[in-house]
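Written out below as C-alpha cells is the structure these notes cover.
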Amino acid sequence: MSEGRYLRPQRLDEAVDALKGGGWNLVAGGTDHYPARVVEQRPEDILDLTGLTDLRGIGEFPDHFRIGALTRWTDLIEAPLPGWFDGLKQAAREVGGVQIQNRGTIAGNLCNASPAADGVPALLSLDASVELASAGGVRILPLADFILGNRKTARRPHELMTAILTPKPARPARARFLKLGARRYLVISIVMVAGLLEVEEGRVAGARLAVGSCSAGAQRLPALEAALTGQPADAGLAMLATPEHLAGLSPIDDIRADAGYRRDAALILVRRCLADLGGLR
Amino acid sequence: MNAPLPENRIRFTVNGESVALAAPPMRRLSAVLRDQLGLTGTKIGCDAGDCGACTVLLDGRQVCACLVPAGQIDGAEIVTVEGLARDGALNALQAAFHRHGAAQCGICTPGMLMAATELLAKNRQPDRTKIEDALGGVLCRCTGYRKIVDAVLDAGGIAAPATAEPVIAEAGGAVGARIPRKDGVAKLTGAEKFGADAAPADSLWLRAVRSPHAHARFTLGDLAAFAAAHPGIERIFTARDVPGSNSFGIYPDLKDQPVLADGYVRFRGEAVLALVGDRAALANLADADLPIAWDILPPLSGTVAAMAEGAPVLHPGKADNVLIRGHVARGDLAAGFAKAAARTSGRFETGFVEHAYIEPEAGYARRVGARIEIVACTQTPYMDRDEVAHVLGIAKEAVRIVPTATGGGFGGKLDMSVQPLLATAAWLLNRPVRMIYHRPESMASTTKRHPARIEVEAAADAEGRLTAFRFQGDFNTGAYASWGPTVANRVPVHATGPYKVGSALCDSRAIYTNDTPAGAFRGFGVPQAAIAHEAAMDDLALQLGIDRLEFRYINALRPGDATHCGQVIEQSVGMAACLETLRPRWRQLIAENIAFNAQNSDRRRGVGIGCMWYGCGNTSMSNPSTMRLGLKPDGRLVLYNGAHDIGQGSYTIMAQIAADAVGLPVDLVDQVHADTDLTADAGKTSASRQTFVSGKAAELAGLDLRAALLRLANAGPDAVLALDGPVLTITDGADVRRLDLREMSTTEGDVLLGEGTFDPPTTPLDENGQGVPYATYAFAAQIAQVEVDMELGTVKPLLIAAAHDVGRSINPMLVEGQIQGGIAQGIGLALMEEFIPGRTENLHDYLIPTFGDVPDIEMHLIEDAEPLGPYGAKGIGEPALVPTAPAILGAIRDATGAVIRQVPALPHRVRKAMLEQGRTP
Ligand SMILES: Cc1cc2nc3c(=O)[nH]c(=O)nc-3n(C[C@H](O)[C@H](O)[C@H](O)COP(=O)(O)OP(=O)(O)OC[C@H]3O[C@@H](n4cnc5c(N)ncnc54)[C@H](O)[C@@H]3O)c2cc1C
Ligand code: FES
Ligand code: FES
C-alpha cells in the first residue's frame, strides 16, 4: 500500500486542529474501515483516533452516563452498569464475534451508520445524544438527528465524535434488545428491536422502542410508545403493538430477507420485546 | 504508550520478544506478522474480519490481525500461534486439539487456538456455551466444530468424548485405531505451509484483472502505455501471450475456459489480464483503471434464460446451450405408475453454493530451465500437471506440481485457479511469480455447486414398495464446462436414492449460462438430487400412512438387489443396517417431539430423515491410483503418498493401511507427500475415492514390500517382521533371520520398494445408463431434530444422528471428523448458504454455519466390509453431507406441515411456506 498521511494524535486539541485542514479519513477500531478496503488499497490520509486515550471509558454523572467515543464493545460488556443498559449490553454481545467486540468502538458503529448497526436501536431506546468536537467547539445532537440515512450522518468533515451521552431514566427502567439473523454468530441483522420501559406503580410511565434494519436508519416507534404509556406493565403489553405502529418503517428486499418478511418480523420482535419487558419483575 | 518513532518505526513484543521495525502505519498487523516477521502461522482468509483465521492476542485480547493497523501496535504485546508451543512441545491446548482431531486442514486452527487461549486465561474450565461464545468469531469449514469444542473442554479439564489413542507401537494394529493425524503437529504450531505462506524472495506478484460484467465483449487499449505510466508493473499479459493453448478444463475434449479471455467474457469474474510486478504497485490499482472498453451484452442468468427461444449461443457447437445430458432408464414406467397406491410429484430448486474453504487460492510458479514448477494449494496435482502442460504447450514431464498444504477444498480446488496464470507468467518472464487470491476474487471466479431445478414423480404400491420413479434435473453449469459432465452423469445414477425401484427414468442436463462456472462440490449434484428424492419418499410414506423411516426400510437396497442401472450389488450394502441402527433414536425423538409440541405452540419440534448412497470413484471411468512403500537403510519405511491430504486425513490413513499390510508398526512410516516428481499418480482427492482407491493401492504396495522382504528370507506368508533400527528380523516359526539393512544395496535410497496400483472395476453405461458405474457404494442415513419458531420461521437444528456404512473405518476419529464436517455443510445447504454472483462475494453476505449452528451429532459407523476395498473400507468424504439437508427439510415439514421446495430455507421462505400451509398466525 502506498502511503498517504497518517496522524495519531495524543490530545484532542491536536486532533481537532488537524481536522481543520480537511481531507482526513478517521479510524478507531478499524472494524468497518478495513473490510471496505479488501480489493483496492488506495493511498488516503488517515487520522487515527486511538491515541486519544481519554476518550475511552464510561463515566457516570448526576443525570447521565457518558460513553467515550473510543469505548469498545467489550468495555461496555464488562462495565458494571445499571439495568437499563441491559439492552445495549445485549446488543454489544451480538456485534460480530469477540474479536470484533474487543476492537470495535461504539462511536465507530454510529459514525459508520449502517442500517444494520446494532448499536443504533439500543442507543435510540436510551434516548442517547452524541457529542461532536471540532476546533470551533463542541455540539451535542440527539442520535436520531445524527444519523441521516444509510451511511449518512450529520458529522461535518472537521468534526469527530467524542462521546455518547445517555440520560438517566427518571423512573425505574428495564431494557431489552432482540436480534434476528440467519445464523448464530457473526451475522448481520435481518431485523433488530430495542426497547426500554420506565415503570411506576405497575404501569408504563415511559416507553421507547426502536427498530433497525427496516429503514435507512433505525427508527423509534412514537405511536406505539404513546399507546403503551399508562398501560399495566405486564406481558399483555405485547398485544398493544399493531402493524400500524410500524407503518413508518420502509424495509427493503435484499439477500437476507424480503421487505414483507422484515415488516412481519419487526412486529413479532416488538411484541416479544414488550412481552419480555412487561413480564419482568 | 510510546510516542510514534520516526519513519513509521514501531516497537512491540511478539511472543515475548521485542521487535522494532518500520511499517506503513495502516498496514494490517496480519501483513506485518506474515510478511515482515515471517510469522505465517497467522492465516488470512478474508482480510475483512469475517473468518477469524488471523486471530492473535493483542494485550491479552483476541483480535483479528487483519483489522489492526500497524500504527496502533506500538507498545503492544502480541501473541501468535507460534508463541504457544514451548521448546518444541505442544502446550496443553494444542495437545488436546491433536488428541481430538480438532484440526483437519488446519487453516482455521491458529485462529481457533488463539481465541481459546484468551478464553482459558479468563476461565480455566469453560462450559460449551462459553466456548462457543468465545470462539464464535472463527469459522471452520472442515470440522463441524464439535471436535474443537471437545478439545477446549478437555484442555479445561472437563472430560470429553473419545480421543485419540497413542500411536500404535505394535505391528498390525493400525487399521481401525484412532491414531492422531500424522501431519497434525505442524498444523497446531503454525509451521504448516499453505499456498500463501512461502515463495522465493525474489518473486514478482501477479494480479488478475477480471470482468465486472457477466457477458460482454471488450477491446483492450494501450497497455504498454499504461504499464509505462505505472511504475512497478513489469508486464501485462493478455490472451495472446499464453504460450500453448489458451484453454483449460477438466475433460480433454472440453477445454472451453480461456486462461485469459480473448475479447469476450462469459461470466463476472473471468480473468482478462494478468498484471505482473511489484506487490504494492498492483494493490494500488483498481480494475477500472485499466484501458478496457466494454461492450456489455445481456447475460443469460439461470437455466431458464439459457434454454429460452432465441437465447444467444454461448459456446460454438452447443446450439441449445446444453453442455451434456445424462440418462438412465429401466423398466416400464407407465406400468409402474399404474400400480400406484400413492403418487407424488414435486419441483425443487437449489442455488449456487460456495465452497468457502478458509484458504483462498494461492501459490507460486518458477521456471527451472525447460521445466516449470508450481507450488500451490490443490486437490489434484496430477490433473494440474497435465493442464499446465497443455496451457504452456510443453510435455507433462516438464511440469512439476508440488502441492502445499491445502486449507480446504471440498471440490473447489479440483479446477485450476492460480496455476495457469502463474505458469504463463513465470514461463515467459523466467522469474518466480506468486499470487494470492483475495476473498472476493476467490468467490467470484472459482467454481460453485450447481444450482438445480428438479422435478420428481414417484409412486408406491399399497405395501409401500416403489413402483415408479421419474427424475428430471437441470443443472446450471455456468459459463464453462468444468465438472458439469460429471454432475450430469452422476446425478441420474443416484437420483432414485438408495432404493430398489420397479421402474425408473432419470434425466439430467448441464446447461451453460453466464453465471459463475459450477464445478465439483462434495457430492457432484447428488445432494441436490437427494433433496428431491427424499421429499418424494416422505410424501409417499405420509400418503400410505407408513412411518417415514419404515418406508425407507421397506425399499432400501439390499445385497443381491439390482440398482436402476441394472447393477446387482452383492456386497457391502449397509443401507438397511443404517436404518436399523437409527430406528430406536427415531422413535424416541418422535415421542419427545409429541410431548414438546403438546406444551408449546410458538415453537414446534420435528424430526426428519434422509438416506443416501454414493458411488466411490469416477462414474464408469478408469481412475487408478498407484502407491509405493520403500524401506530405508536406517529401518524407516517411506510411503510415497500421492494422495494429497486436504484435511480429510489421507496422510494418516494411507500410513495405517500400508503399515498393517507390510506388517510393521505405523510409527515407522515416514512419508513423501504428493509431488508429481516424487510420488506416483494417486489421482485426485475427490469422489470419495482416496480411501477406497488409493487406500487399496497402499495396501497392495505394503503387501508387495512384504512379499519382497519375505523372499529375502525365504520365509512363509505368516512370518513376523520386526525392525530394530537398521536390523530387520524375520521370524518364521522357529526360523529367525536377521538382516542389517545398511549392508544392502539401495535404489534411489530404498533398500526395497513395494508398489501397488488399483483401478476400481466398472463398465461403461449403455444408452439407457445400464452397466456398472461404480465398483462400490457408501450408504448412510441421518435423522435431524429441529425446532422451528412458528412466527419467525427460524429453524434451529437440535440434534443430528448419523449412521454411515463405511465398509471399514480405518481411523474412526477421522471418519467422525468427515461426518461432522459434512453435516455442517449440509446444514449450510439446507438453511443459509446461497451464492449470488456480484452480491455475496464475501464471508459476511455469504453465510456458512458458525459454532452455534451445528448441534450435537451422534454417529454410528456401520462396517459392512467391501471386499474390494482396503481392509473392507470405502469412502466417506461426500456421503457425510448428502443426507443432512433432506433430513432437516423433512424435520421442518414434520414440525410445521410446510414443504420447503427451495433451499436455503431462509427464515422468510419458511415463514412463507408456513403461511401458505395456513399454519402460522
Ligand atoms: C466481522 C464483523 C462483524 C461485524 N458485526 C457487526 C454486527 O453484528 N453488528 C454491528 O452493528 N456491526 C458489526 N460490525 C461492524 C463494526 O464492527 C462496528 O460498526 C464497530 O462498532 C465499528 O467501530 P470501529 O471503531 O471499528 O470503527 P472504524 O472502522 O474505526 O470506523 C468506522 C467509521 O466510523 C468513523 N469513526 C470512527 N470513530 C469515529 C469518531 N470518534 N468520530 C468520527 N468518526 C468516527 C470512521 O471514520 C469510519 O468511517 C462488524 C464488523 C466486522 C468486521
Ligand atoms: S483474515 Fe482476518 S478475519 Fe479473515
Ligand atoms: S480445519 Fe477448520 S477450516 Fe479446515
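The values are calculated or read from the model by the stated rules, or taken from the named source; none is laboratory data. Note that the coordinates shown come from a computational prediction; the quantities given were computed from them, not determined experimentally. For neighbour counting, all protein chains shown are included, and Cβ atoms are generated from backbone atoms with ideal geometry for every residue, glycine included. These area figures cover heavy atoms from the full protein model, side chains too; ligands, DNA and RNA do not enter into them. Shrake-Rupley method; radii C 1.70, N 1.55, O 1.52, S 1.80 Å.
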Note to self, chain A gives a 222 nm [θ] from helices alone (DSSP H runs n ≥ 4, -39500 (n - 2.57) apiece, / all residues, nearest 500) of -7500 deg cm²/dmol
In chain A, what % of DSSP beta bridges are antiparallel (nearest 5)? 90
Taking GluC sites (Glu not before Pro) in a DSSP loop with at most 13 other Cβ atoms within 10 angstrom as exposed, one finds the longest site-free stretch of chain B at B:571-747
Taking R0 as 30 Å, what FRET efficiency do you get between A:ASN25 and B:ALA22 from their Cβ-Cβ distance, rounded to the nearest 0.05? 0.85
Computed about the Cα centre, the charge dipole of chain B from +1 Lys/Arg and -1 Asp/Glu charges at the Cβ has a magnitude in debye, to the nearest 20, of 960
Expressed in angstrom and rounded, the centroid-to-centroid distance over alpha carbons for segment B:705-770 and segment B:384-403 is 32
Hits in segment B:880-915: amide N under 19 Å from the 7 Å Cα→Cβ extension of A:ASP258, namely B:898-915
For segment B:687-703 and segment A:200-273, write down the distance between their C-alpha centroids in whole Å. 61
Between segment B:783-851 and segment B:309-324, how far is it from one alpha carbon centroid to the other, in angstrom? 35
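Relative contact order of segment B:625-758, please, whole-number percent, based on alpha carbon pairs below 8 angstrom and at least 6 residues apart.
RCO, segment B:625-758: 35 percent.
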Short version: ³J(HN,Hα) in whole Hz for each residue of segment B:284-293, in order, from phi by Karplus 6.51 cos²θ - 1.76 cosθ + 1.60 (θ = phi - 60°), x for Gly and Pro, what are they? 6, 8, 10, 3, 5, 5, 6, x, 10, 9
Below 12 angstrom from the Cβ of B:GLY523, what's the summed charge of the other residues (Lys, Arg +1; Asp, Glu -1)? +2
Taking 0.36 nm per residue of separation and subtracting the Cα-Cα distance, what length does fully extending B:ILE158 through B:SER345 add? 62.3 nm
When the Cα atoms of the protein assembly as shown are enclosed in a convex hull and the volume is divided per residue, what value in Å³ results? 176
Segment B:779-921: projected area of the alpha-carbon convex hull, averaged over directions, in nm²: 9.6
Computed for segment B:739-846: size of charge dipole around the Cα centre, +1 on C-beta of each Lys and Arg, -1 on C-beta of each Asp and Glu, debye to nearest 20, value 300
Work from the charge dipole of the protein assembly as shown (Cβ charges, +1 for Lys and Arg, -1 for Asp and Glu, about the Cα centre) and give the residue of B:LEU206, B:LEU700, B:TRP427 farthest towards its positive end. B:LEU206
B:LYS396/B:GLU916 FRET efficiency (R0 56 Å; Cβ-Cβ; nearest 0.05): 0.50
Efficiency of FRET from Cβ geometry, A:ALA154 and A:ASP13, R₀ 30 Å, rounded to 0.05: 0.85
Compute the signed sum of charges (Lys and Arg +1, Asp and Glu -1) over the other residues within less than 11 Å, Cβ to Cβ, of A:SER213. +1
Of the residues A:ALA163, A:ALA238, A:ALA154, which exhibits the maximal mean-square fluctuation in a Gaussian network model of chain A defined by a 10 Å Cα contact cut-off? A:ALA154
Averaged across the residues of A:239-248, what count of C-beta atoms belonging to other chains lies within 10 Å of each residue's C-beta? 0
For peptide A:87-99, how many partner chain Cβ atoms fall within 10 Å of a residue's Cβ, on average? 5
B:GLN599 versus B:ARG325, label points 7 Å from Cα toward the beta carbon: distance in nm? 5.7
For A:VAL191, residues with placed amide H under 5 Å, excluding near neighbours: A:LEU180
Which of the aspartates and glutamates could be linked to B:LYS396 by a straight reach, that is with a Cα gap under 18 Å, when you skip same-chain ones fewer than 8 residues away? B:ASP253, B:GLU373, B:ASP384, B:ASP386, B:GLU387, B:ASP415, B:ASP675, B:ASP677, B:ASP681
Once both label points are put 7 Å beyond Cα along the C-beta direction, the B:GLU755-B:ARG587 separation in nm becomes 5.6
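Can you flag which of B:LYS147/B:LYS255; B:LYS448/B:LYS796; B:LYS187/B:LYS255; B:LYS318/B:LYS874 are past 31 Å Cα-Cα?
As for pairs spanning more than 31 Å Cα to Cα, those are B:LYS147/B:LYS255; B:LYS187/B:LYS255; B:LYS318/B:LYS874.
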If the chain between B:ASN714 and B:LYS130 were fully stretched, how many nm would it gain, using 0.36 nm times the residue separation less the Cα-Cα distance? 204.0 nm
When only Cα pairs under 8 Å and 6 or more residues apart are kept, what is the percent relative contact order across chain B? 13
Dipole moment magnitude, nearest 20 debye, segment B:1-177 about Cα centre, only Lys, Arg, Asp, Glu C-beta charged: 200
B:ASP262 versus B:ASN768, label points 7 Å from Cα toward the beta carbon: distance in nm? 4.4
Once the Cα atoms of helix A:259-279 and of chain A are each reduced to a long axis, what angle between those two axes, in degrees from 0 to 90 to the nearest 10, is obtained? 70
Shape verdict for chain A, please, from the Cα gyration tensor: rounded (a/c under 1.5), prolate (a/b greater than b/c) or oblate. prolate
Carbon and sulfur: what percent of the protein assembly as shown's accessible surface (1.4 Å probe)? 50
Taking each full run of DSSP H in chain B as one helix, which ones are at least 27 Å long along their axis (Cα atoms) and have mean Kyte-Doolittle hydropathy of at least -0.5? B:575-599, B:812-831
Here the convex hull volume per residue of segment B:7-123, taken over Cα atoms and given in Å³, is 100
The long-range amide H neighbours of B:LEU664, using H built 1.01 Å from N in the peptide plane and a cut-off of under 5 Å, are B:GLY172
If all Cα-Cα distances of chain B are sorted into 20 Å bins from 0 onward, what percent lands in each bin, rounded to whole numbers? 14, 46, 34, 6, 0
